[in-house]
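Participant: This is the structure I have questions about; it appears just below.
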């Protein structure tokens, strides 16, 4: 494969080489006008389309050239993060509901080359006329099947109908057998199907956990106590169930948080940050977290409820056993529950949790909130320096740091938090006083 992008881009991302899917997609996207890329969750689809986009951008055009439409703000933020890690000279912005419209309009006043956004928010910007459409030549619909499931037909049809100059359309999905709506204007696409016919996850083992009680909370508790303090994602089918389960676990001394579509954007981001940085060990969620989220590889995925469709079961399991890693999916079931056709119950290994005695170890880190972000000219280096010099933290005391537009979050070892906050109480960072405190938890606080 002939690479036209700078050699340092793969090293910036921590890769030596592209995988087979990425190499194939790279060449086909560059050469064909309509492409349908099908590949499992976790296989690297984002990079598969971002690299050829980079080659197609023209530096002399100081206007928006590529529009990427995504079903969720989390996926949009994840794509933005990958683009920024690539270290290109091209500006990128992301727009989504719940984000400040004023901030987005200000960002778009200096046009990015690449714009990522959810269908409703992009439609809103087009109606407001906040960016030019006449130089957009490339359209990506990432996880477009999810956008269809979420009912974004009208907004997507409106947006695509306004893009008169687009000459390259790329549809991306982790699911096969999807009918492509006419309004996408994707005709006879080149199909790149990397989804295996059989469950590729030979690295994935699926186990049955039998619950003696119809309310499976105690069984879930025992299961988490059996996982040697390793993090896990717990999937359920309803928003209120996610909250009830998480609250119950916290009452029992297990550090968990919940995540679902009924939460506001700030709460959702905070829950993910706390899970990502190790302040919370367990994420109880709906299918919203089955794909498109920037969260670490898990060894354990737990189905508290089974989804109605096999596709969602596959996407959930895609959170573990990615690429060459191994992982386990646990199905918690009571005898009264309806059996799903896509599960081979007879051949499932039964995993006993009755002997589980000790609670999982508490998280090493606690999340610290800082009342400033990118728009306040703060970056990770500033925070590391401030916490090290003024807060007297060692490098090993600091975990993941995330800098947003107007706020930042840093993971700090539990044992160091009290002294850190005391030392920083009257200190200034970059000449300004910021509020620095323990981040509020989405969940009810665990008794310490």
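Participant: Going by average Cβ density within 10 Å per residue, which order do the peptides 163-173, 43-53 take, highest to lowest?
Facilitator: Top of the packing list down: 43-53, 163-173.
Participant: If you count, for each residue, the other Cβ atoms within 10 Å and average over each peptide, how do 385-396, 342-353 line up from highest to lowest?
Facilitator: 385-396, 342-353
Participant: Order of 211, 246, 63 from fewest to most other C-beta atoms within 10 Å?
Facilitator: Values: 211 21, 246 27, 63 14.
So the residues, fewest neighbours to most, are 63, 211, 246.
Participant: Points 7 angstrom from Cα along the Cβ direction at residue 188 and residue 344: gap in nanometres?
Facilitator: Taking the simple label geometry, residue 188 and residue 344 are separated by 4.0 nm.
Participant: Right, another one. What nm distance separates the two modelled labels at residue 266 and residue 153, each placed 7 Å from Cα along Cα→Cβ?
Facilitator: Each label point lies 7 Å from its Cα, and together they span 3.6 nm.
Participant: Given segment 365-438, what whole percent of its Cα pairs are spread farther than 16 Å?
Facilitator: Percentage above 16 Å: 39.
Participant: Testing the spin-label approximation: label points 7 Å from Cα along Cα→Cβ at residue 56 and residue 162. State their distance in nm.
Facilitator: Inter-label distance under the simple model: 2.0 nm.
Participant: Measuring from a point 7 Å past the Cα of residue 405 along Cα-to-C-beta, which residues in segment 46-89 have an amide N at less than 11 Å?
Facilitator: none
Participant: Can you tell me how much longer the chain between residue 103 and residue 229 gets when fully stretched, taken as 0.36 nm per residue apart minus their C-alpha distance, in nm with one decimal? Could the numbers behind the result be given before it?
Facilitator: Working: separation 126, 0.36 × 126 = 45.36 nm, distance 4.07 nm.
Once the chain is fully extended between residue 103 and residue 229, it gains 41.3 nm.
Participant: Would you please give the FRET efficiency between residue 433 and residue 377, computed as 1/(1 + (r/R0)^6) with r the Cβ-Cβ distance and R0 = 22 Å, to the nearest 0.05?
Facilitator: In this case the efficiency is close to 0.95.
Participant: Only bridges whose two residues both fall in the chain count here: according to DSSP, what percent of them are antiparallel, nearest 5? Kindly include the intermediate steps, with their values, before the conclusion.
Facilitator: Values: 14 of 65 bridges.
DSSP beta bridges in the chain are roughly 20 percent antiparallel.
Participant: Shifting gears a bit: Over the C-alpha atoms of segment 68-162, what are the Rg and the largest Cα-to-Cα span, Dmax, in Å?
Facilitator: 12.5, 35
Participant: Using the Cα atoms of segment 8-193, I'd like the radius of gyration and the largest Cα-Cα distance, Dmax, both in angstrom.
Facilitator: Using the Cα atoms of segment 8-193, the pair Rg, Dmax is 15.3, 43 Å.
Participant: Taking Cα atoms of segment 1-103, Rg/Rh with Kirkwood Rh, to two decimals?
Facilitator: Value, to two decimals: 0.95.
Participant: Now for a separate question. Quick check on segment 205-350: what are the equivalent-ellipsoid semi-axes from the Cα gyration tensor, as sqrt(5λ), descending, whole Å? Show your work: numbers first, answer last.
Facilitator: Numbers: eigenvalues 97, 59, 47 Å².
Equivalent ellipsoid of segment 205-350: 22, 17, 15 Å, largest first.
Participant: At 222 nm, what value in deg cm²/dmol follows for the chain if DSSP H runs of at least 4 each add -39500 (n - 2.57) and the sum is divided by all its residues, to the nearest 500?
Facilitator: Taking each H run of at least 4 residues, the total per residue is -9000 deg cm²/dmol.
Participant: With Kirkwood's inverse mean 1/r over C-alpha pairs for Rh, give me the Rg to Rh ratio of the chain, two decimals please. If you can, show how the numbers build up before the last one.
Facilitator: Numbers: Rg = 22.8 Å, Rh = 23.5 Å.
Radius of gyration over Kirkwood radius for the chain works out to 0.97.
We did not get these values from a lab; they are worked out from the coordinates using the rules stated. In this text the structure is predicted, and so the values were computed from the model without any measurement. Here the Cβ is made from the backbone with ideal geometry for all residues, glycine too, and neighbour counts use every protein chain on show.
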